[in-house]
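A.B. asks: Right, I'll just put the structure down here and ask away after.
The values are calculated or read from the model by the stated rules, or taken from the named source; none is laboratory data. All values derive from a computational prediction rather than experimental measurement. Note that we place each Cβ from the backbone using ideal geometry, even for glycine, and neighbour counts take in every protein chain shown. Remember, those area values only see protein heavy atoms, side chains included, never the ligands or the DNA or RNA. Shrake-Rupley method; radii C 1.70, N 1.55, O 1.52, S 1.80 Å.
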Amino acid sequence: MIDRQTIERIKDAADIVDVVSEFVSLRKVGANYRGLCPFHNDHTPSFYVSPSRRTCHCFVCGEGGDSVGFIMRHEQLTYPDALRWLAGRYHIEIEEKQLTDEQRREQSEREAMFIVNEWAAGYFHNVLENDVDGRAIGKQYFRQRGIRDDIMERFRLGFCLNDRQAMASEALKKGYKQEYLLKTGLCYSRDNGELVDRFAGRAIFPWIGVSGKVVAFGGRVLDARTKGVNQKYVNSPDSDIYHKDRELYGIFQAKKSIAREDCVYMVEGYTDVISMHQCGIENVVANSGTALSEHQIHILHRFTTNIVLLYDGDAAGIKAALRGTDMLLKEDMNVKVLLLPDGDDPDSFARKHTAEEFRTYISEHQVDFIEFKTRVLLEGVTDPVKRSEAISSIIKSVSVIGDPIVRATYIQACASRLGIQEQTLIAKMNDNIRDYRDEQRKEEERRRRNAAVQAQDYNSTGQQPSMTDGSVTATDSAAQPSYGYDDMPPPDAFLPPEAFSTPQSQPVGGQHAEVNARLGGTRSEASAGKMETVSDMLIRAVVKHGHEILFDNVETEDGGTTSLTLAEYVSYDLAADSLEFSVPLYNRILDEAVTHSHDEDFNSERYFTMHPDYEVSSKAIQLTADRVLLSKSMQVKYTEDTLRDQTTHLLLDFRQELVNAKLAQLRTDIAMASGDTERQMQLMKELHETQKIRNAIAKKIGGSVLLQ
């Protein structure tokens, strides 16, 4: 356990801008910072970091939190491990008991795999540095490639001994489990159950993720053995912590330089990255032979929108450059291409030139993707049909660009280079765009039909269908309520009209059931969605304004007077009818707000957003995050009267939803009790009484009184 005092020290030390900047390139905007959201496919910066509130928030997907929450979400860590991550960054010592064997077994599988990989990286590097064979074979190989010792250290290069059981035996001796040696791919198992080192006799290149965790390894057979070997490189297999199409080699070492230079060089192999670093060019990563994926582009997009594809000048290099261009353009990246002279790859070229010479060459020889495709596809082509196909391919690339101004600029450039009328190219581009949108519509229609079929299956079987198309299920803990036009949730009473968000972005507070000791019963799913929204708004008011006085000079039983805060008013009002929130966390927040209401300097928003219990602080941050950014002149100034009126209205809404839920349940019960006259009469009487309550509440709210 980490004690509360240490947690507070860690949170106080953690600079939210500093923490987020490790993973996202930020630009200062007024008093805040802005960047591309790392939690969804963000094309325009929607992720804001507030130094004053010490929180971050995405205005599109709603993700955010404080420093701890950000690290938890981004790195998929538990709360204690996120605290340890921050403590390590800010050199704060945490005194904890040594994990017992039982506690180690209880560690999640994912964490255990990272631990095993971290040990293996250290083991391989230690062999390289200290073992006789490691120095004579492994280190000699790297030195022959011209790699300096400091670069070996930076990339944690290593060597795996030829003995095919050496690493596995050492790991087992250290207490690491066989199952994790297999799951990480460090070993594989023979038929007799014997473990075999996957990378035996190979030079080791660890894959280090954005956060600095070792996710996988690449192993290269040494030069003396490459003749006749089909696989020079062997990589870790896909696992729970590693998917090759989601990682980029060198990203951890390059991310700060990429953000600083606002540009990234994409190369193919490990040694290309390493040699360019050694040459002094550090903003470089490799996709290591795989086709460039959307996931990889999204990682790069967090740090820059400018990319230079730096490949060999041979046929394979040209093919690789052509393959990645359209996908990069589609993700709003600015693409340049540079093919090196024949016979050179980035590794060999970097070893022949200084960083300044390399940068000069890049600057003078890189071309935009249109010039590149034109040169590659049209050079020497005279056949009209082939020329037409090449031009269509170029225009197709332009068509995937999202920004219409950029598209128009490229069309003008194409018309000039190709000698074709601009209007002709525009017509072809528009055809491509229409085709693409038609495909999108068809795909959306397929998803809709699948969802309808699944819903039908659900209605007929009563079992929740499995969503295989990425849709959110009704039981997903992160699901958002879905509303039609006629059942929109009530507006956020504590935000101005300009700040009203779409129903999909409304925060959700918890389970689909609301406890009402007086009315009892369960609620329909639709009503549950509405009640959650009202509950959220009510507890948001408590978090943001719970310390503020709503009533002065309230008489007490002993004849004295006292003041009543918003939190106390909500608590007393709900208690009068034996009501409470269905979400236990909300009840806890309300109780704490009441307890501290009259503490000196108590500010409910600051108290809950900085709460040492992560569950409380993360919910408070989620509830209080600004939905839109408003200038100071447009921000609403709350008074005692407006807060009191809005809180009263929310409390009435809360009751109204409870009653509506009860009515829906009663109608269902009446329909199901057909044939039981006595039961139906009892239910009808209860329905009539509940309608009276509903109409009384509606009258207070000012709505229509329903007669049915």
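A.B. asks: Just the accessible area per residue of region 182-320, please: how many Å² with a 1.4 Å probe?
C.D. replies: That works out to 35 Å² for each residue.
A.B. asks: Provide, for q = 0.12, 0.15, 0.24 Å⁻¹, the log10 of I(q)/I(0) from a solvent-free Debye sum over equal Cα point scatterers in region 249-362.
C.D. replies: -0.35, -0.56, -1.55
A.B. asks: Convert 4 °C to kelvin, take the viscosity as 1.567 mPa s, use the Kirkwood radius over C-alpha pairs of region 320-434 as Rh, and evaluate the Stokes-Einstein diffusion coefficient in µm²/s, rounded to a whole number.
C.D. replies: The calculation lands on 84 µm²/s.
A.B. asks: If the reach is capped at under 18 angstrom between alpha carbons, list the aspartates and glutamates near residue 386, excluding any in the same chain fewer than eight residues apart.
C.D. replies: Counting by Cα, and skipping residues close in sequence, residue 386 has these aspartates and glutamates nearby: 371.
A.B. asks: Starting from 0.36 nm per residue, how many nanometres of slack lie between residue 60 and residue 149 once their C-alpha separation is accounted for?
C.D. replies: The residue 60-residue 149 span can extend by a further 27.5 nm.
A.B. asks: Now, a different point. Roll a 1.4 Å probe over the protein heavy atoms and report the accessible area of residue 353 in Å², nearest 10.
C.D. replies: Number for this one is 60 Å².
A.B. asks: Apply 1/(1 + (r/R0)^6) to the Cβ-Cβ distance of residue 551 and residue 422, taking R0 = 60 Å, and write down the FRET efficiency to the nearest 0.05.
C.D. replies: About 0.30, to the nearest 0.05.
A.B. asks: Quick check: at a probe of 1.4 Å, how many percent of the accessible area of region 353-394 sits on carbon and sulfur atoms?
C.D. replies: Roughly 49 percent, rounded to a whole number.
A.B. asks: Quick check: at a probe of 1.4 Å, how many percent of the accessible area of region 125-193 sits on carbon and sulfur atoms?
C.D. replies: Carbon and sulfur atoms account for 44 percent of the accessible area of region 125-193.
A.B. asks: Sticking with this one: Put 439, 357 in order of accessible area, largest first, 1.4 Å probe: what do you get?
C.D. replies: The ranking, largest first, comes out as 439, 357.
A.B. asks: Sorted by accessible area (1.4 Å probe), largest first, how do 125, 365, 611 line up?
C.D. replies: From most accessible down to least: 365, 125, 611.
A.B. asks: Another question, if that's okay. Ranked from the most accessible area to the least, with a 1.4 Å probe and all protein chains present, what is the order of 54, 446?
C.D. replies: So the residues, ranked largest to smallest area, are 446, 54.
A.B. asks: Any chance you could look up the accessible area of residue 123 with a 1.4 Å probe, heavy atoms only, rounded to 10 Å²?
C.D. replies: 30
A.B. asks: In the calculated pair distance distribution of region 122-193, what percentage of Cα-Cα distances lie above 22 Å?
C.D. replies: Result for the distance tail: 31 percent.
A.B. asks: Continuing with the same structure: Assuming R0 = 56 Å, what is the FRET efficiency of residue 685 and residue 319, from their Cβ-Cβ distance, to the nearest 0.05?
C.D. replies: Computed FRET efficiency for residue 685 and residue 319: 0.10.
A.B. asks: Let me ask something else. Please compare each pair in 244/396; 256/619; 330/428; 396/442; 213/244 to a cut-off of 25 Å on the Cα-Cα distance and tell me which ones are over it.
C.D. replies: The answer is 244/396; 256/619.
A.B. asks: Quick one: grab the alpha carbon gyration tensor of region 197-288, order the square roots of its eigenvalues as a ≥ b ≥ c, and give me rounded if a/c is under 1.5, else prolate or oblate depending on whether a/b is larger than b/c.
C.D. replies: Judged from the Cα gyration tensor, region 197-288 comes out oblate (a/c at least 1.5, b/c at or above a/b).
A.B. asks: Quick one: net charge of residue 165's neighbours, Cβ under 9 Å, K/R +1, D/E -1?
C.D. replies: -2
A.B. asks: Right, another one. Please label the shape of region 11-78 as rounded, prolate or oblate, based on the square roots a ≥ b ≥ c of the eigenvalues of the alpha-carbon gyration tensor (a/c under 1.5 means rounded; beyond that, a/b larger than b/c means prolate, else oblate).
C.D. replies: Oblate shape, in that a/c is at least 1.5 and b/c is the bigger or equal ratio.
A.B. asks: Principal axis extents for region 325-371, Cα atoms only, whole Å, descending order, please.
C.D. replies: Ordered largest first, region 325-371 gives principal extents of 35, 20, 17 Å.
A.B. asks: Any chance you could get the radius of gyration and Dmax over the Cα atoms of region 288-343, in Å?
C.D. replies: Final numbers for Rg and Dmax: 11.3, 34 Å.
A.B. asks: Sticking with the crude label model, points 7 Å out along Cα→Cβ, report the distance from residue 692 to residue 573 in nm, one decimal please.
C.D. replies: So the two model labels end up 2.4 nm from each other.
A.B. asks: Heavy atoms of the protein only, probe of 1.4 Å, neighbouring chains included. What is the accessible area of residue 61 in Å², nearest 10?
C.D. replies: My reading of the accessible area for residue 61 is about 50 Å².
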